[in-house]
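First the structure, in the form of structure tokens, and then the observations on it.
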Amino acid sequence: MKTIDNLDFSGKKALIRVDFNVPLDEHYHITDDNRIQGAAPTIKKILNDGGGVILMSHLGRPKEGPTEKFSLKHIVKHLSDVLGVPVQFADDCIGEETKAKAAALKSGEVLLLENLRFYKEEEKGDRDFAEKLATLGDVYVNDAFGTAHRAHASTAVIVQFFPKAKYFGYLMAAEVGNAERVLNNPERPFTAIMGGAKVSDKLELIAALLDKVDNLIIGGGMAYTFVKARGGEIGKSLVELDKLDLANDLVKKAEEKGVNLVLPTDSQIADEFAPDSPAYNGPNDEIPADKMGLDIGRESGEHFAQVILASNTILWNGPMGVFEMDKFAKGTKAVADAVVAATERGAFSLIGGGDSAAAVSKFGMTEHVSYVSTGGGALLEYMEGKELPGVKAINE
């Protein structure tokens with residue numbers, strides 16, 4: 001893998017695609033800076049070499065050009081604090097003023113460009129837009145795993161303008177390396193934990209994992225589709241009625257492949273979707289018509305934990321319940337506790353970005369698992385066996 005360790009950046013300007021798509025509160029304060037912290041080692045290596053750094057990223061999903069709430073200017077102060085150097089800001093990502101700022105950048109300095117997605121050309125993979133970005137730097141570095149599955153101008157198209165000067169940053173290298181370890185070289189038993197709202201979101205991943213894992217644990221809202229498929233009463237719980245046959249097919253395939261498919265047996269059953277809703281623990285196939293399951297129950301949490309604790313490789317993607325509400329976070333916390341305990345015993349644990357990463361962060365466990373991915377969608381596609389455009393572009 002061609003990483004930034006292959007080059008001395010002294011006197012060079014590195015154009016780095018980072019993923020600073022971080023959550024901001026109503027006052028534009030960053031509520032989770034994992035992605036910034038993840039990119040910091042790459043930036044610091046280049047600065048320490050004596051190079052200049054030009055950072056480009058997206059933030060959110062702006063629909064109609066420049067929007068105040070999606071401006072990257074809101075992260076400048078925090079980024080400066082993390083890097084220990086003042087970060088300059090360009091009000092645009094292309095144009096004459098931005099070009100002049102990039103040209104004037106000295107060794108050891110950092111320039112952050114405005115949101116790439118203020119231009120529709122970014123997501124369209126426009127070549128001319130990519131070329132305008134490419135003129136800003138001497139070397140291209142991709143350290144944005146979270147967007148590696150998109151063939152956007154700044155992730156895949158731009159690379160053609162740096163045929164001999166394209167590299168993976170440390171974060172990208174770590175993401176790909178850890179995903180490869182789980183996919184191709186797992187120490188057994190290998191357990192995958194799948195949660196979240198919909199089976200349809202994880203279909204391809206579940207199908208791919210059935211050829212690789214020893215145990216497959218399914219929790220979260222998606223589990224109710226499996227319960228309903230086998231005739232259970234699930235009340236107002238989340239369900240995909242058009243996926244019932246598919247759920248039964250997955251159960252059958254797991255049996256055929258000798259995979260231990262572990263489904264929850266009980267739930268925290270609530271009157272309504274609300275943090276203060278009355279709730280009780282009960283069987284998840286006997287939920288009254290006017291109630292809903294918002295978390296796995298105690299028995300399921302204990303059973304899941306037993307399987308996890310006996311595992312040597314663990315992949316976790318998706319929460320077990322509505323963990324954002326403390327009352328319905330116990331199932332996700334039970335799984336997190338078991339993953340941490342297994343990791344401390346010597347297992348390798350990969351947390352698959354998105355809500356799983358947020359849950360681990362909420363419980364203060366980020367430092368107690370093997371690796372937390374910064375790319376939810378990208379990791380899922382990689383695990384499904386798909387080629388990621390952002391990775392392919394550097395490897396070619």
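The values are calculated or read from the model by the stated rules, or taken from the named source; none is laboratory data. What you see is a predicted model, and the numbers here were worked out from it, not measured in a lab. In this analysis, Cβ positions are derived from the backbone assuming ideal geometry, glycine residues included, and neighbour counts consider all displayed protein chains.
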Inset, instruction - Give SER267, SER237 a once-over and let me know the one that is among the hydroxyl-bearing types (Ser, Thr, Tyr) and outside any strand (DSSP E or B). - result: SER237
Legend entry - Sole exception among (1) in contact (Cβ under 8 Å) with a residue 40 or more places away in the chain; (2) over 21 Å from GLU187 (Cβ atoms) for TYR371, by number: (2)
Inset, instruction - Go through the range 167-211 residue by residue and tally those that are among the small types (Gly, Ala, Ser) and not in a helix (DSSP H, G or I). - result: 5
Inset, instruction - Return the total of residues in the range 252-272 being under 26 Å from ASN215 (Cα atoms) and either outside the structural domain of MET194 (by TED's automatic domain parsing) or surrounded by fewer than 17 Cβ atoms within 10 Å (Cβ to Cβ) (or both). - result: 8
